[in-house]
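The values are calculated or read from the model by the stated rules, or taken from the named source; none is laboratory data. What you see is a predicted model, and the numbers here were worked out from it, not measured in a lab. Note that each Cβ is placed from the backbone with ideal geometry, even for glycine, and that neighbours are counted across all protein chains shown. These accessible areas exclude ligands, DNA and RNA; they are computed on the full protein's heavy atoms, side chains included. Shrake-Rupley method; radii C 1.70, N 1.55, O 1.52, S 1.80 Å.
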Amino acid sequence: MHNAFIATTFDWDHRSSTAWQRFTNKVLRKLRIPVKLSPPQPYQANVEVRMNLFHLLDQTIAFNVPGDVVELGCNDGDCTIVMRKMLDEMAPQKELHAFDSFEGLPEPGENDRKDGVYGKGNMAVPAERLVEKFKQLGLKLPHLHKGWFEHTVPKELPERISFALIDGDLYSSTMDVLPHVYERMSPGAIGMIAVYVDEEVFPRPGLPGHYKSPGVKRAVDEFFADKPEKVSLLYSCENSNGYFRKL
Ligand SMILES: C[S@@+](CC[C@H](N)C(=O)[O-])C[C@H]1O[C@@H](n2cnc3c(N)ncnc32)[C@H](O)[C@@H]1O
């Protein structure tokens, strides 16, 4: 299927400067000021994240991996929209499940507090915002699971999973979902992990703290320490993704 929609939906492409930015850039160039304006990054994920998502989910569909598709931490649904569009066109038999507190992050526990990156309620959006976006695009809603992962995930995950996007930002949130998701993943299923930042593989001096979500890598590395799968890093500009394929 075509994937241009990952740039054009809601003007998600933040690479193409607007007319007034191009004009300002011309002036800055003339003045020999080495600065360039570009549109801000979209709220939660950028084009590269969505491209990674597109190609990883596409693989599980192409190889007929059994199971449904889940997103742990859907926020207002931008990546959910990408998955919905893909499933509608390529695998309408698969169910799409989206989990979120819709109250933002939980109170950071001891392991996350030391990072000093996030606080309770960060990123809070009401579920209505996701619902509204789906309506605007004429898309069928995913199954929405509202509540803290530790309560919803163990009980409400589908029996079998072919693809999971894990996007909880905290050590605790990642640990609350990873064991349950992993257990239900079919062989060949893919787990994509948002904000998996490994500065040894991809050093980004100057990267703002909130993109780092360092608890995510700690949780993922700890979980996979005794597992046969390997987590690899995928470039995604300001962001960074990890992924693994269930053996
Ligand atoms: C970075 S956002 C998700 C962005 C979304 N996947 C996207 O690409 O547009 C992280 C989301 O995880 C949710 N979240 C984090 N920890 C949670 C927990 N323990 N229980 C429920 N929701 C949680 C937050 O409410 C937030 O909306």
Q: Return the total of residues in segment 43-86 being part of a loop (DSSP other than H, G, I, E, B) and either near the ligand (Cβ under 10 Å from one of its atoms) or under 26 Å from GLU132 (Cβ atoms) (or both).
A: 9
Q) Looking at segment 123-145, which of the residues that are aliphatic (A, V, I, L, M) and in a loop (DSSP other than H, G, I, E, B) is nearest to the ligand (Cβ to nearest atom)? A) MET123
Q.
What's the number of the only condition in (1) under 16 Å from SER240 (Cβ atoms); (2) out of contact with any strand residue (DSSP E or B) (no Cβ under 7 Å at 6 or more places or on another chain) that HIS180 fails to meet?
A. (1)
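Kindly indicate the residue of segment 92-122 that is in contact with a strand residue (DSSP E or B) (Cβ under 8 Å, 6 or more places away or on another chain) and in a loop (DSSP other than H, G, I, E, B) and also surrounded by the fewest Cβ atoms within 10 Å (Cβ to Cβ) among those meeting that condition.
GLU95
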Q) Among the numbered criteria (1) more than 16 Å from the ligand (Cβ to nearest atom); (2) in contact with a Cys (Cβ under 8 Å, 6 or more places away or on another chain); (3) of a type outside the set (Lys, Arg), which single criterion is violated by GLU229? A) (2)
Q.
If the requirement is being of a type outside the set (Lys, Arg), open to solvent by 70 Å² or more (accessible area, probe 1.4 Å) and under 25 Å from VAL216 (Cα atoms), which of these qualifies: HIS145, HIS151?
A. HIS151
**Q.** Odd one out for THR60 among (1) touching a helix residue (DSSP H, G or I) at 6+ places or on another chain (Cβ under 8 Å); (2) of a type in the set (Ser, Thr, Tyr); (3) open to solvent by less than 70 Å² (accessible area, probe 1.4 Å)
**A.** (1)
Q | Restricting segment 18-73 to residues that are small (Gly, Ala, Ser) and modelled with pLDDT of 95 or more, the residue that is farthest from VAL181 (Cα to Cα) | A | ALA62
Q: Would you confirm whether any residue within segment 178-195 is touching a helix residue (DSSP H, G or I) at 6+ places or on another chain (Cβ under 6 Å), within 15 Å of the ligand (Cβ to nearest atom) and modelled with pLDDT under 95?
A: yes
Q. With segment 150-237 as the region, which helices (runs of 4 or more DSSP H) entirely inside it contain at least 3 residues that are over 15 Å from the mean Cα position of the chain (by Cα) and within 26 Å of GLY119 (Cβ to Cβ)?
A. 171-184, 214-224
